[in-house]
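*Asks:* Got a structure for you, written out below as structure tokens; questions coming shortly.
Every number here is computed from the coordinates shown, using simple stated rules; none is lab data. Bear in mind the structure is a predicted one, so any value in this text is a computation, not a measurement. Cβ sites come from the backbone with ideal geometry, for glycine too, and all protein chains shown count toward neighbours.
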Amino acid sequence: MKAWLGRAAATTVLGGREHARRGWWIRWFRRGRPVPDDGFQGPDQPYPRHWRHLPDPWPPVSGSDPAVRDRLRRALDELPSTWRAVVRDRDIAGRDGDVVAGGLGITVEQQRAILNQARAALRCRLADLLSRQGRR
């Protein structure tokens with residue numbers, strides 16, 4: 001009984017600290033939706049959570065295209081500083097997630113979540129440029 005109670009108390013205490021860290025992290029980095037919910041079918045439709053309409057395909061582009069490079073540079077500058085640091089360290093410098101997380105003082109899970117959200121934000125900005133409607 002004592003061992004069980006000790007484990008339960010330790011889990012509660014440690015879980016409380018981790019929960020508090022997650023609470024602060026969520027306040028700093030609001031989670032965005034890369035695709036609006038209305039882009040997917042609802043629960044009363046034939047294929048719930050599937051696309052209503054597939055996104056427009058992107059035309060082939062080159063990384064040396066000045067418009068693409070400029071759009072990505074501006075989009076990267078608009079990201080919160082921690083998100084920008086994670087993208088630069090992971091995708092540009094090629095560093096490992098453990099190293100990036102340690103350098104920024106966040107957990108590996110937080111680093112991965114930030115990376116996913118930052119990539120989604122960059123993709124949305126690039127999609128504005130490359131979609132058929134936004135193309136000049």
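*Asks:* Sorted by mean Cβ packing within 10 Å, highest first, what order do the peptides 106-118, 66-78, 43-55, 86-98 take?
*Replies:* By packing density, highest mean first, the sequence is 106-118, 86-98, 66-78, 43-55.
*Asks:* So what's the net charge close to Pro48: Lys and Arg +1, Asp and Glu -1, counting the other residues with Cβ under 15 Å from its Cβ?
*Replies:* That works out to -1.
*Asks:* Would you tally the net charge around Gly63, using a Cβ to Cβ cut-off of less than 14 Å, leaving Gly63 out, and scoring K and R as +1, D and E as -1?
*Replies:* Local charge sum for Gly63: 0.
*Asks:* Amide H to amide H under 5 Å from Phe40: which residues, 5+ apart in sequence or cross-chain, H placed 1.01 Å off N in plane?
*Replies:* Long-range HN contacts for Phe40: Arg52.
*Asks:* Moving on to the next point. Largest first and to the nearest Å, give the Cα extent of the range 65-136 along each principal axis.
*Replies:* Each principal axis gives a Cα extent; for the range 65-136 these are 43, 19, 17 Å.
*Asks:* Quick one: 3J(HN,Hα) in Hz for the range 59-71, Karplus 6.51/-1.76/1.60 with θ = phi - 60°, rounded, Gly and Pro as x.
*Replies:* Calculated HN-Hα couplings, in order: x, x, 10, 10, x, 8, 5, x, 5, 5, 4, 5, 5 Hz.
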